[in-house]
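Below: the structure, in structure tokens.
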Amino acid sequence: MPFNGKVRDAAPSAPAQAAPAQAGPAFPTTRMRRNRRTDWSRRLTQENVLTPADFIWPIFVREGDNLQEPVEAMPGVVRYSCDTVADAVGEAKDLGIPVVAIFPFIEPDLKDARGSISIQEDNLVCRAIQAIKAAHPGIGVQCDVALDPFTSHGHDGVLDENGEIINDDTVDVLCQQALIQAQAGCDVISPSDMMDGRIGAVRHALDTHDFGHVQILAYSAKYASAFYGPFREAVGSASTLGTASKATYQMNPANTDEALREVALDIAEGADMVMVKPGMPYLDVIRRVKDRFGMPTYGYQVSGEYSMIQAGALNGWIDGEKCMMESLMAFKRAGADGVLSYFSVEAAKVLKRG
Ligand code: PBG
């Protein structure tokens, strides 16, 4: 009851209105286009920026000499041999790109069901790390920890007799893989397999082997996505995986609360940085992750996203350069601290040009 004795009008109250974000007179006093009128003003009111330091450049390597072998499903992307990769990385470094991520194409006859080659100290990945680090000690090198490029069945783990991925056995192999990569000079270990508990196990393995300084960028919210198609051609797992699905370990594209649980677990297990993958169709997930945890958060603009833009551009349907820059900025706007993108070098060149 009001204590001053005044009784409110009993007339039905107006429906509650949401408070405007900013109180103030609206049109015509407020004209949003005023700030957009001139170039200087648009620059002044710009909320997000993209710089070469936002990029992680994924590169493919394979055995051979003097190779820059085109990946058919990814126009503009090549596989390097260990003798050509350092020059390519040098260009990225000179453009201000802080880190590259190595992905191997393994010769089919070197693959087996356990992905044994993934834990051999002199394997392709380790030699590529060494070649890059010898030539460019100042650039960061990141490596996936997962078995799919190395297994004869194309899955990210080891299988039991029924074809199920055995979680804990797989994690043991992943730890060994992380250790040989760290030993070869890898700066950032990036588990992309989606096994449970692998971040904690890899952190422990690194810490107990004098690699306490090696960072972990966890593929935390990684979805079972059809947008990985061209990548699987690039690393040669398209044929080994066939029509098999990764849905028993990668996430359901319909879920986002689950992404927050995945990220929370990876942080608790010791991840230094977290990732959402794919990127453009999952910007909502990046935003939620960034808002909830405030972690260094990255989005992966995956192969299918890259190839769609390239296909549109090559057909003259879209302006490739503009779409590239807009798509990358969208990650920043969504809250990402950086983007893994096959466009990294091209985009850094555009930024340098100004
Ligand atoms: C391997 C891995 C994949 C990608 C990165 N690491 C493929 C997959 O999980 O099947 C996809 C990257 C891309 O599509 O660009 N675990």
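Where in the stretch 231-330 are the helices (runs of 4 or more DSSP H), entirely inside, with at least 2 residues that are under 14 Å from the mean Cα position of the chain (by Cα), of a type outside the set (Phe, Trp, Tyr) and at negative phi? Before you say what the answer is, go through the steps one by one.
Values: elements: 237-241, 257-269, 283-293, 303-314.
Fully inside the stretch 231-330 and qualifying: 283-293, 303-314.
Counting just the residues of the stretch 192-204 that are among the aliphatic types (A, V, I, L, M) and crowded, with 23+ Cβ neighbours inside 10 Å, which one comes out farthest from residue 225 (Cα to Cα)? Quick ask: steps written out before the conclusion?
Going through the stretch 192-204, the residues among the aliphatic types (A, V, I, L, M) turn out to be 194-195, 199, 201-202.
Then drop every residue that is not crowded, with 23+ Cβ neighbours inside 10 Å, which leaves 194-195, 199, 202.
Values: 194: 13, 195: 16, 199: 22, 202: 25 Å.
Taking the candidates together, the pick is 202.
How many of the residues in the stretch 36-56 are free of Cβ contacts under 8 Å to residues at least 12 places away in the same chain and part of a loop (DSSP other than H, G, I, E, B)? Write out each step before concluding.
Here is the first cut: in the stretch 36-56, the ones free of Cβ contacts under 8 Å to residues at least 12 places away in the same chain are 36-46.
Checking which are part of a loop (DSSP other than H, G, I, E, B) leaves us with 37-38, 45-46.
So the answer is 4.
Return the total of residues in the stretch 223-241 being within 7 Å of the ligand (Cβ to nearest atom) and among the charged types (D, E, K, R). Here the count works out to 1. Checked against (1) within 30 Å of residue 158 (Cα to Cα); (2) surrounded by fewer than 14 Cβ atoms within 10 Å (Cβ to Cβ), residue 317 meets all criteria but (1).
If you scan the stretch 49-64, which residues turn out to be surrounded by 15 or more Cβ atoms within 10 Å (Cβ to Cβ) and either under 18 Å from the mean Cα position of the chain (by Cα) or hydrophobic (A, V, I, L, M, F, W, C) (or both)? Break it down stepwise before answering.
To start, the set of residues in the stretch 49-64 that are surrounded by 15 or more Cβ atoms within 10 Å (Cβ to Cβ) comprises 50, 52, 54-64.
Once the filter is applied, which keeps residues that are surrounded by 15 or more Cβ atoms within 10 Å (Cβ to Cβ) and either under 18 Å from the mean Cα position of the chain (by Cα) or hydrophobic (A, V, I, L, M, F, W, C) (or both), the stretch 49-64 yields 50, 52, 54, 55, 56, 57, 58, 59, 60, 61.
Every test in (1) surrounded by fewer than 19 Cβ atoms within 10 Å (Cβ to Cβ); (2) under 23 Å from the mean Cα position of the chain (by Cα); (3) not charged (D, E, K, R) is passed by residue 159 save one, and that test is (2).
Scanning the stretch 296-327 for residues that are within 15 Å of the ligand (Cβ to nearest atom) and closer than 20 Å to residue 222 by Cβ returns 298, 299, 300, 301, 302, 303, 304, 305, 306, 307, 308, 327. The lone criterion from (1) within 16 Å of the ligand (Cβ to nearest atom); (2) in a helix (DSSP H, G or I); (3) in contact with a Ser or Thr (Cβ under 9 Å, 6 or more places away or on another chain) left unmet by residue 216 is number (2). The set of residues in the stretch 124-173 that are within 16 Å of the ligand (Cβ to nearest atom) and among the small types (Gly, Ala, Ser) comprises 128, 146, 152, 154, 157.
So, residue 100, is that one in contact with an Asp or Glu (Cβ under 9 Å, 6 or more places away or on another chain), buried (at least 16 other Cβ atoms within 10 Å of the Cβ) and modelled with pLDDT of 95 or more or not? Spell out the reasoning first.
On the way: in contact with an Asp or Glu (Cβ under 9 Å, 6 or more places away or on another chain): no; buried (at least 16 other Cβ atoms within 10 Å of the Cβ): yes; modelled with pLDDT of 95 or more: yes.
It is false that residue 100 is in contact with an Asp or Glu (Cβ under 9 Å, 6 or more places away or on another chain), buried (at least 16 other Cβ atoms within 10 Å of the Cβ) and modelled with pLDDT of 95 or more.
Just to verify a result, which residue in the stretch 205-219, among those that are in contact with a helix residue (DSSP H, G or I) (Cβ under 8 Å, 6 or more places away or on another chain) and buried (at least 17 other Cβ atoms within 10 Å of the Cβ), is nearest to residue 298 (Cα to Cα)? Among those residues, the one meeting the criterion is 218.
Going through the stretch 111-123 one residue at a time, which ones are more than 16 Å from the ligand (Cβ to nearest atom) and without any contact (Cβ under 8 Å) to a residue 40 or more places away in the chain? Correct list: 116, 122. Taking (1) farther than 25 Å from residue 74 by Cα; (2) away from the ligand (no atom under 13 Å from the Cβ) in turn, residue 249 satisfies each apart from (2). You will find that of 272, 284, 257, the residue that is within 18 Å of residue 329 (Cα to Cα), modelled with pLDDT of 95 or more and more than 12 Å from the ligand (Cβ to nearest atom) is 284 and no other. Does the stretch 116-131 contain any residue that is part of a strand (DSSP E or B) and either modelled with pLDDT of 95 or more or within 20 Å of residue 152 (Cβ to Cβ) (or both)? No. In the stretch 116-134, is there at least one residue being in contact with a Phe, Trp or Tyr (Cβ under 6 Å, 6 or more places away or on another chain) and surrounded by 17 or more Cβ atoms within 10 Å (Cβ to Cβ)? Scanning the stretch 116-134 turns up at least one residue that is in contact with a Phe, Trp or Tyr (Cβ under 6 Å, 6 or more places away or on another chain) and surrounded by 17 or more Cβ atoms within 10 Å (Cβ to Cβ). Taken together, the residues in the stretch 331-341 that are part of a strand (DSSP E or B) and either of a type in the set (A, V, I, L, M, F, W, C) or away from the ligand (no atom under 16 Å from the Cβ) (or both) amount to 2.
The values are calculated or read from the model by the stated rules, or taken from the named source; none is laboratory data. Just so we're clear, the structure is a prediction, and the values are computed from it rather than from any experiment. All Cβ positions, glycine included, derive from the backbone under ideal geometry; neighbour counts span all protein chains shown.
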